[in-house]
Amino acid sequence: MQVHNNLSDLPTFRNAVITIGSFDGVHTGHQKIIEKVNALAQKVNGESVLITFHPHPRLVIYPDDPSLKLISTIDEKVALLERFGIDHVVVVPFTKDFSQQSPDAYIKDFLVNKFHPSYIVIGYDHKFGKARAGDIEYLKRFEEEAGFKIVEILKQEIKDIAVSSTKVRHALEQGAIKNANQLLNHTFSLSGTVEHGQEIGKTIGYPTANIKVGNKYKLIPAQGIYAVEVIHRKKTYGGMLYIGDRPTLDAFDNHTIEVNIFDFDATIYGDKLTINFLDFIREDEKFDGLEKLKAQLGRDRESALEVLKKKASLSQAPKKKSSTAPKVAIVILNYNGIEHLYDFLPSVLKTSYPNHEIIVADNGSTDDSVKLLKDHFEKVRLIEMEENYGFAKGYNEALKQVESEYYVLLNSDVEVEENWIEPIINLLEKDASIGACQPKIRAYTDKKRFEYAGAAGGWIDKLGYPFCRGRIFDQTEIDEGQYDQMQEIFWASGAALFIRSKIFHGLGGFDGDYFAHSEEIDLCWRVKRAGFKIMVEPKSVVYHLGGGTLNYISPNKTFLNFRNSLFTLLKNEERSTLLWLIPFRLILDGVAAMLFLMQRKFSHITAILKAHWSFYKNFSKMRKKRSIHQEQIDKISITSTPNLKGRYNRSLVWQYYIRGKKKFKNL
């Protein structure tokens, strides 16, 4: 990471992806923004640039306001940012003159001339320029002229950041160090120089280094005794730190921060120390004389050593599953599926992933599904809906009530293995540019064979026909390990769909008008248009019965298949392609109707006619949705161009029926 403090001596950044903010504390909310910036920079082969200010803008604009308390000083902030993979940190000297720039000057002279950004990742509430007259809409006016694109940080993310900052400060002010560190995702620290004290600690066997914190705006935790790590000249020592007014020593009425460093006896006056806070030991109290104070310090030392020992054992041991793993909500949509719940839910309950919640969202069932869940599955959270909204809208309604970093949308007729979640979450955690993922899906009734609804990952051909690694049209392959490599795909199966919750909601979820079938392809296509990857991770395996919600040979499924496929093309395909593709697909649908006629499947012919009529009827509505979806995509996009990996640039119909290529590996 390169740090730049001089605006007149900046390098020429390559495809700069920039973000701007105070980033005080660099807590978990900030880290997610940094992940987004890094992922976008990686996607466009650019450099990530974080712009922050020193001194804090409030100190310049409101110099008489004493309320500002900083979680991290500028030096501490820069040291923290280095941990999270940013390429460049630019510390802008914030002055009154800088604050008085017009919004136009801020954009042209500062952002564009200094950084030449390809992307600006910014919050909806970002204000800039004199009187804070500039905002994100103002910035967007310059996108075409200046050649950058705005990626808006979602409103909920900004709220989460503000809440997290408040919670961190509150936790520190209460001495709740463990809670603060969890919110920060790193240990809270403070730095200062060692100054002379009264050396009273030395007389009772506990010499201390008195620390002077140079920045008066630095937040100091609550008074009391803390277990800490002390960093001196790049070496780390254990210790216990005191913050307080020393009530036992009546003659010295002053606030002090002093640390007893274990197994350390060097003279370090004038040296800099960094203190990492590990845990709160006890509150400050007054003792009757130095002997009682000394006895208590002995007990405090043992407590601090226990904390340090525990930390050392955790850092040396191999990483274990812990409740700090990102939360995963497994959400099963049910409609009159009591038999499936009875047969398949027990396998889901054996899931080994440590931080998960199992939820069944009941879509207004008229059988005894709800009673079964209440009587026999007490560990499962039940969401009851008043009517059957279908698969698409049903999930949309249910997920409004679910808070989790990741959603797993699981069909009720899926059997899972105990460790099915870990491989996919590990993959998602390693790469922030992955938006969704699926496991390998085998057939429950023939566990050596791929299952129709997803197999080893979904692709789509140039005409918009979906197929899978391991399944083309109705033909499924035996799983012989031929598709065991992790791979980027075009769509992930709705039978077992892993997706980041913020992406799901940011894109508006499923299209409720689909009811069922192809809704996951439509959603995944929007995820790809936002530049994210969709992956299959074959290390995770599930077994799908299939046809549990809608039988594969049902005329209603034929109706939804043909209609929703046309909807998906109209909403997602390039406009120039649609001019020839939609008429051609309608002709091919006519060919399919002739095949059904030859098979005497008259109800399926009717279903195709109904699908076309519904498409014509909803044409205008879907065109409007196309515009709405584009706005949603623009807000979360990490690239200016769609991600087309998993798109087969030929006709699957031609390859399958004319050239006889029946397996994915032969395409």
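The values are calculated or read from the model by the stated rules, or taken from the named source; none is laboratory data. Only a predicted model underlies this, so the values are computations on that prediction, with no experimental measurement involved. Here the Cβ positions follow ideal geometry from the backbone for every residue, glycine too, while neighbour counts run over all protein chains shown.
Data for the structure
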{"read-out": "Candidates Trp654, Trp613 - the one that is out of contact with any Phe, Trp or Tyr (no Cβ under 9 Å at 6 or more places or on another chain), hydrophobic (A, V, I, L, M, F, W, C), within 19 Å of Arg563 (Cα to Cα) and surrounded by fewer than 15 Cβ atoms within 10 Å (Cβ to Cβ)", "value": "Trp613"}
{"read-out": "Output for the stretch 250-277, where each listed residue is out of contact with any Phe, Trp or Tyr (no Cβ under 8 Å at 6 or more places or on another chain), of a type outside the set (S, T, N, Q) and within 27 Å of Lys69 (Cβ to Cβ)", "value": "Phe252, Asp253, His255, Gly270, Asp271, Lys272, Leu273, Ile275"}
{"read-out": "Top-ranked residue in the stretch 171-184 [being surrounded by fewer than 17 Cβ atoms within 10 Å (Cβ to Cβ) and touching a residue at least 40 places away in the same chain (Cβ under 8 Å); ranked as nearest to Thr256 (Cα to Cα)]", "value": "Glu173"}
{"read-out": "Which listed residue is in contact with a strand residue (DSSP E or B) (Cβ under 7 Å, 6 or more places away or on another chain) and either among the β-branched types (Val, Ile, Thr) or at pLDDT 95 or above (or both), from Glu397, Glu415, Glu384", "value": "Glu415"}
{"read-out": "Unmet criterion (only one of (1) free of Cβ contacts under 8 Å to residues at least 60 places away in the same chain; (2) under 29 Å from Leu410 (Cα atoms)) for Ser603", "value": "(2)"}
{"read-out": "Subset tally (residues that are of a type outside the set (A, V, I, L, M, F, W, C), over 12 Å from Tyr543 (Cβ atoms) and in a loop (DSSP other than H, G, I, E, B)) for the stretch 429-471", "value": "9"}
{"read-out": "Yes/no for Ser48 being of a type in the set (Ser, Thr, Tyr), touching a Leu at 6+ places or on another chain (Cβ under 7 Å) and either under 23 Å from Thr639 (Cα atoms) or in the same structural domain as Leu7 (by TED's automatic domain parsing) (or both)", "value": "no"}
{"read-out": "Test set (1) free of Cβ contacts under 8 Å to residues at least 12 places away in the same chain; (2) under 17 Å from His340 (Cα atoms) - Leu382 fails condition number", "value": "(1)"}
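Conditions (1) of a type in the set (A, V, I, L, M, F, W, C); (2) at positive phi; (3) outside any loop (DSSP other than H, G, I, E, B), marked per residue:
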residue: His126; (1), (2), (3): no, no, no
residue: Val168; (1), (2), (3): yes, no, yes
residue: Gln182; (1), (2), (3): no, no, yes
residue: Thr187; (1), (2), (3): no, no, no
residue: Gly201; (1), (2), (3): no, no, yes
residue: Gly205; (1), (2), (3): no, yes, no
